[in-house]
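Scroll down for the structure; my scribbles are underneath it.
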Amino acid sequence: MRRSQGKVALVTGATGGIGMAVVRRLMDDGAKVFLVDLDEQALRAQSEALGDETGWAVADVSDEAGMARAVEAATARFGRIDMGLLNAGIEGKIAPLGELAVADFDRVMAVNVRGVFLGLSLLMPLMRRQGGGAIVITSSVAGIRGSAGLAAYVASKHAAVGLMKSAALEGARHNIRVNTVNPAPVDTRMIRALEAGIRPDDPDAIRAKLVAGIPMGRYGKPEEVAEMIAFLASDAAGYCTGGIYTVDGGYTTGTGR
Ligand code: NAI
């Protein structure tokens, strides 16, 4: 039997680089997967390509009513939610403090923090009623270390770790495990946007600089992050809760090779 055979997963940010790899990995593990993201066309196309064991809903994770509707739609489709993958996130604008607009700060916090808060607030009671579950939040190495020019993103990813810790403590006696996965740069749209945001005239120079700071000397692949997320969401990770799981090529250990 496959590791997560018959389990039901809800994945936010499901049509993005890491989200899509998570969806595929969970389906390989035997799970049914409900995709949540912003773009109806992308959701429909991906769900159709993946087959009958999927469902989808358009929702902005920062919108309370929208997320409530998505969770309702997932339970209506599959009857329960065993795994919550709170993965949607935005990088926001790159600017030093003093130049970062309040509205830009607020938007990053809304998606990356309120979005995770709403996901936890909806899933924890549901999982309590079901007798348990597992939630994995996609934080970042920016949830462990700072990064110049990315104060909002860094604050948001630290906040995601804080939400995870409280949720893990509240969930422990109810058989609900909650963890974060903290990747270093991963080869998706987001890191390319950051490279171009830092240096529009020469994004490759930024890539080279970032890669030089990673002991393994490369970006991660979405599949490598998905592997950790799918493990933590599965019963194989039965004793893992309240943890910060880096997938970072050694980045948070130090710098240099
Ligand atoms: P991505 O940009 O490919 O995917 C993000 C997905 O989230 C997109 O499909 C987007 O439509 C969706 N999304 C954005 N705002 C949303 C909202 N308000 N409501 C619902 N969906 C929304 O980026 P990637 O790399 O797949 O990012 C996934 C997660 O991984 C994010 O939380 C990101 O912060 C985190 N991460 C990414 C790293 C990287 O280098 N790519 C490194 C560390 C963490």
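Quick one: length gained pulling residue 128 to residue 76 fully straight, 0.36 nm per residue minus the C-alpha distance?
That works out to 17.0 nm of additional length.
If you average the sequence gap of Cα pairs under 8 Å that are 6 or more apart and divide by the length of the chain, what percent do you get for the contact order?
Over the chain, the number comes to 20 percent.
Quick one, can you get me the convex hull of the C-alpha atoms of region 154-193 expressed as volume per residue in Å³?
Per-residue hull volume (Cα only) is 74 Å³.
Return the subset of 157/221; 93/221; 93/209; 157/209; 32/93 for which the Cα-Cα distance in this structure is over 26 Å, preserving the input order.
32/93
Regarding region 1-48, what are the three Cα extents along the principal axes, ordered largest first, in Å?
Sorted from largest, the Cα extents of region 1-48 read 34, 17, 14 Å.
Put +1 on the Cβ of every Lys and Arg and -1 on every Asp and Glu Cβ in the chain; which of 88, 46, 225 then has its Cα farthest towards the positive end of the dipole?
225
Taking the solvent-accessible surface of protein heavy atoms with a 1.4 Å probe, what is the per residue accessible area of region 1-143 in Å²?
Solvent-accessible surface per residue comes out at 43 Å².
May I ask for log10 I(q)/I(0) of region 130-182 at q = 0.15, 0.26 Å⁻¹, from a Debye sum over the Cα atoms as equal point scatterers with solvent left out?
-0.43, -0.88
Using only helices, what value at 222 nm comes out for the chain when you add -39,500 (n - 2.57) per DSSP H run of length 4 or more and divide by the total residues, to the nearest 500 deg cm²/dmol?
Value at 222 nm, helices only, nearest 500: -14000 deg cm²/dmol.
Using all Cα-Cα distances in the chain, what percent lands in each 5 angstrom bin from 0 up to the longest?
1, 7, 14, 18, 20, 17, 12, 7, 3, 1, 0, 0
Using Cα atoms only, what is the angle between the long axis of helix 115-130 and the major principal axis of the chain, expressed in degrees (0 to 90) to the nearest 10?
Tilt relative to the chain: about 20 degrees.
For the pair residue 41/residue 104, report the inter-label distance in nm, with labels modelled 7 Å from Cα in the Cβ direction.
2.8 nm
Please sort by residue number the trypsin sites (Lys or Arg not before Pro) in region 138-228 whose DSSP state is loop and whose Cβ has at most 15 other Cβ atoms within 10 Å.
145, 218
Bin by bin, in steps of 5 Å, what percent of the Cα pairs in region 196-257 do you find, going until the bin that has the longest distance?
4, 16, 18, 17, 17, 13, 8, 5, 2, 0
Have a look at 153, 219, 239 and tell me which one the Gaussian network model of the chain (Cα, springs below 10 Å) gives the largest fluctuation.
239
Using a 1.4 angstrom probe on heavy atoms only, work out the carbon and sulfur share of the accessible area of the chain in %.
Within the chain, the accessible surface is 53 percent carbon and sulfur.
About the Cα centre, and with charges only on the beta carbon of Lys, Arg (+1) and Asp, Glu (-1), how big is the dipole of the chain? Nearest 20 debye, please.
With only Lys, Arg, Asp and Glu charged at Cβ, the dipole is about 720 debye.
The values are calculated or read from the model by the stated rules, or taken from the named source; none is laboratory data. Predicted, not measured: the structure shown is a model, and the values here were computed from it. Every residue, glycine as well, gets a Cβ built from its backbone with ideal geometry; the counts of neighbours run over all protein chains shown. These area figures cover heavy atoms from the full protein model, side chains too; ligands, DNA and RNA do not enter into them. Shrake-Rupley method; radii C 1.70, N 1.55, O 1.52, S 1.80 Å.
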